1. Looking at the stretch 59-115 only, could you name the residues that are surrounded by 12 or more Cβ atoms within 10 Å (Cβ to Cβ), assigned to a loop (DSSP other than H, G, I, E, B) and touching a residue at least 60 places away in the same chain (Cβ under 8 Å)?
2. Anything in the stretch 32-41 that is in a loop (DSSP other than H, G, I, E, B) and surrounded by fewer than 16 Cβ atoms within 10 Å (Cβ to Cβ)? List them, or say none.
3. If I filter the stretch 42-52 for residues that are out of contact with any Ser or Thr (no Cβ under 9 Å at 6 or more places or on another chain), within 27 Å of residue 20 (Cα to Cα) and modelled with pLDDT of 90 or more, do I get at least one hit?
4. Assess whether residue 60 counts as being under 14 Å from the mean Cα position of the chain (by Cα), among the hydrophobic types (A, V, I, L, M, F, W, C), at pLDDT 90 or above and farther than 17 Å from residue 18 by Cβ.
5. Limited to the stretch 29-41, what total is found for residues that are at pLDDT below 95 and closer than 17 Å to residue 106 by Cβ?
6. Considering each residue of the stretch 6-27, count those that are under 14 Å from residue 61 (Cβ atoms) and basic (Lys, Arg), and give that number.
7. Inside the stretch 7-30, can you point out the residues that are of a type outside the set (D, E, K, R), surrounded by 12 or more Cβ atoms within 10 Å (Cβ to Cβ) and farther than 27 Å from residue 86 by Cβ?
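The values are calculated or read from the model by the stated rules, or taken from the named source; none is laboratory data. Everything quoted here is computed from the prediction, not taken from an experiment. Here Cβ is always computed from backbone atoms with ideal geometry, including for glycine, and neighbour counts include all displayed protein chains.
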Amino acid sequence: MAFEKQATVLGCPVTYKLGENAKKYTLRDNGFTETNSGNLQLIRPLDATPQSKQGFKLKITVAKDLESFKMSITTANGMKAMNIFNNDKFEMNQEKFYFLMDGMIDRGCFAKVTE
């Protein structure tokens, strides 16, 4: 998966872009950590109980130049991208995804793309 200016997760009807005021320290304050290559990465579980290691994970990686990013929802081991929007049994995971993204929008890390 390549870095892009706008991205969304598999099956999600909403597209996101980096916030205009997103800075490294803003992303770090919101849980992003720096990878060995200098990119910033966030991995958050989408489970009802955060201690559970069985559910899906939201994975967002922002390029070190803060110009592009990629995002996906993966299995617990992070190896396979999943579509949680194609089945009603994942409704709680969908709500948690939107809750996490809305929080980051409120803090200026991301913005919704309007067409």
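1. 63, 68, 82, 83, 84, 85, 107, 108, 109, 113
2. Of all residues in the stretch 32-41, those in a loop (DSSP other than H, G, I, E, B) come to 32, 35-39.
Scanning the stretch 32-41 gives 35, 36, 37, 38.
3. Taking the stretch 42-52 as the starting set, the residues that turn out to be out of contact with any Ser or Thr (no Cβ under 9 Å at 6 or more places or on another chain) are 44, 46-52.
From what is left, the residues that are within 27 Å of residue 20 (Cα to Cα) are 44, 46.
Among the residues that remain, those that are also modelled with pLDDT of 90 or more are: 44.
Checked the stretch 42-52: at least one residue is out of contact with any Ser or Thr (no Cβ under 9 Å at 6 or more places or on another chain), within 27 Å of residue 20 (Cα to Cα) and modelled with pLDDT of 90 or more.
4. Working: under 14 Å from the mean Cα position of the chain (by Cα): yes; among the hydrophobic types (A, V, I, L, M, F, W, C): yes; at pLDDT 90 or above: yes; farther than 17 Å from residue 18 by Cβ: no.
Considered against the rule, which asks whether it is under 14 Å from the mean Cα position of the chain (by Cα), among the hydrophobic types (A, V, I, L, M, F, W, C), at pLDDT 90 or above and farther than 17 Å from residue 18 by Cβ, residue 60 comes out as no.
5. 3
6. Result for the stretch 6-27: 1.
7. 19, 22, 26, 27, 30
Residue by residue, here is whether (1) touching a strand residue (DSSP E or B) at 6+ places or on another chain (Cβ under 9 Å); (2) more than 25 Å from residue 5 (Cβ to Cβ) holds:
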| residue | (1), (2) |
| --- | --- |
| 26 | no, no |
| 29 | no, no |
| 38 | no, no |
| 76 | yes, yes |
| 81 | yes, no |
| 88 | no, yes |
